[in-house]
Amino acid sequence: MPKRIAIVEDEAELASLIEYNLTRHGYQTQILRGGKGTLEELERARPDLIVLDVMLPDVDGFQLCREIRQSQAMARTPVLFLTARGDEVDRVLGLEIGGDDYMTKPFSPRELVARVKAHLRREQMDTAPAVAAIGPFRLDANGRRIFLGERELTLTSTEFNLLEFFLTHPGRAYSRDQLLDAVWGQQHYVTPRTVDVHVRRLREQMETTPEDPHYLTTVRGFGYRFEDNA
Ligand code: CA
């Protein structure tokens, strides 16, 4: 089954260029022009990944991404933003908006295809056992779901990757750079601050008092540590 990519972009020429490059690499694509009703169109299409422009008519890409994250059907679908220079990248990748990746226009189509490939490969990895219990957490690696007790955590694709890493490496302290290497891999444009933003968002999901964390603790002057027996 070819993977399906939704391209949400109102500039027809750019949308066609992206489509051309993705279809050449075996992806199935659908171009959406943005505007009202885009969320519903995406929910019907159920793409495996969304390429999302920021500047769109009616509803901008940031708002649309927030809605995607709240949608049952698509909360975990990777979102790759197309941003203009000067857009606030931390916001894009952060807890406020929940994007998984971004590219600044103008970008090379080859690079875009590489990023799409990397995100979809990450989605597919199912090396871990089906469901593992880690302290009060349950990790369903194949389903890409994490439960705390009976409650399923609401995680973006990147948040899942980060928490999965912590759950499978308990008791050890990791620096921000080590976490970037382990979770974000070759995406060198992310900064150590990106880690902080995602940790903050994870704490809101998994801690009773996020400002005084129990499981995901700060290791002062170094990074973070996950404790499964907290
Ligand atoms: Ca646009």
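From the residues in region 110-141 that are in contact with a Phe, Trp or Tyr (Cβ under 8 Å, 6 or more places away or on another chain) and either in the same structural domain as L17 (by TED's automatic domain parsing) or open to solvent by 40 Å² or more (accessible area, probe 1.4 Å) (or both), which one is modelled with the highest pLDDT?
Looking at residues that are in contact with a Phe, Trp or Tyr (Cβ under 8 Å, 6 or more places away or on another chain) and either in the same structural domain as L17 (by TED's automatic domain parsing) or open to solvent by 40 Å² or more (accessible area, probe 1.4 Å) (or both), I get V116.
Report every pair of residues separated by at least 6 positions or lying on different chains whose Cβ atoms are under 9 Å apart, first residue within region 8-20 and more than 14 Å from F81 (Cβ to Cβ), second near the ligand (Cβ under 9 Å from one of its atoms) and part of a loop (DSSP other than H, G, I, E, B).
D10/G34; D10/M55; D10/L56; D10/P57; E11/M55; A15/E9
Could you tell me whether region 144-154 includes any residue that is in a loop (DSSP other than H, G, I, E, B), on the phi > 0 side of the Ramachandran plot and not basic (K, R)?
Yes; the residues of region 144-154 include at least one that is in a loop (DSSP other than H, G, I, E, B), on the phi > 0 side of the Ramachandran plot and not basic (K, R).
List every residue pair whose Cβ atoms sit under 6 Å apart, with the two residues 6 or more apart in sequence or on different chains, where the first one lies in region 172-191 and is within 14 Å of G221 (Cβ to Cβ) and the second, anywhere, is in a loop (DSSP other than H, G, I, E, B) and modelled with pLDDT of 90 or more.
Final answer for the pair search is A173/F222; S175/F222.
Give just the number: which of (1) within 16 Å of the ligand (Cβ to nearest atom); (2) under 25 Å from V183 (Cα atoms); (3) open to solvent by less than 10 Å² (accessible area, probe 1.4 Å) does D101 not satisfy?
Against the list (1) within 16 Å of the ligand (Cβ to nearest atom); (2) under 25 Å from V183 (Cα atoms); (3) open to solvent by less than 10 Å² (accessible area, probe 1.4 Å), D101 comes up short only on (1).
List the pairs whose first member sits in region 36-62 and is open to solvent by 60 Å² or more (accessible area, probe 1.4 Å), whose second member is more than 15 Å from the ligand (Cβ to nearest atom), and whose Cβ atoms are under 6 Å apart, counting only residues at least 6 apart or on separate chains?
These pairs meet every condition: E43/A73; D58/K36.
Filter region 46-57 down to the residues that are more than 12 Å from the ligand (Cβ to nearest atom) and in a loop (DSSP other than H, G, I, E, B), then identify the one that is nearest to the chain's Cα centre (by Cα).
Restricting to residues being more than 12 Å from the ligand (Cβ to nearest atom) and in a loop (DSSP other than H, G, I, E, B), the top hit is D48.
Please go through region 5-24 and give me each residue that is more than 16 Å from the ligand (Cβ to nearest atom) and surrounded by fewer than 16 Cβ atoms within 10 Å (Cβ to Cβ), ordered by number.
Y20, T23, R24
Select from region 138-180 the residues that are among the aromatic types (F, W, Y) and within 21 Å of R69 (Cβ to Cβ) and write down the one among them that is farthest from the chain's Cα centre (by Cα).
Checking each candidate, the answer is F147.
Do you know which of the residues in region 63-82 that are crowded, with 21+ Cβ neighbours inside 10 Å and part of a helix (DSSP H, G or I) is farthest from the ligand (Cβ to nearest atom)?
Across region 63-82, the extreme among qualifying residues is I68.
For region 25-45, name all the residues that are among the hydrophobic types (A, V, I, L, M, F, W, C) and within 16 Å of the ligand (Cβ to nearest atom).
I31, L32
Restricting to region 192-230, count the residues that are in contact (Cβ under 8 Å) with a residue 24 or more places away in the chain and either under 19 Å from T154 (Cα atoms) or out of contact with any His (no Cβ under 8 Å at 6 or more places or on another chain) (or both).
Qualifying residue count, region 192-230: 22.
Does region 156-182 hold any residues that are touching a helix residue (DSSP H, G or I) at 6+ places or on another chain (Cβ under 7 Å), open to solvent by less than 10 Å² (accessible area, probe 1.4 Å) and aliphatic (A, V, I, L, M), and which are they?
L162, L163, L179 - these are the residues of region 156-182 that are touching a helix residue (DSSP H, G or I) at 6+ places or on another chain (Cβ under 7 Å), open to solvent by less than 10 Å² (accessible area, probe 1.4 Å) and aliphatic (A, V, I, L, M).
The values are calculated or read from the model by the stated rules, or taken from the named source; none is laboratory data. Bear in mind that the values here come from a model prediction, so they are computed numbers and not experimental data. Glycine also receives a Cβ, built like all others from the backbone with ideal geometry; neighbour counts cover every protein chain displayed. Quick note on the areas: whole protein, heavy atoms, side chains included, nothing else; ligands and nucleic acids left out. Shrake-Rupley method; radii C 1.70, N 1.55, O 1.52, S 1.80 Å.
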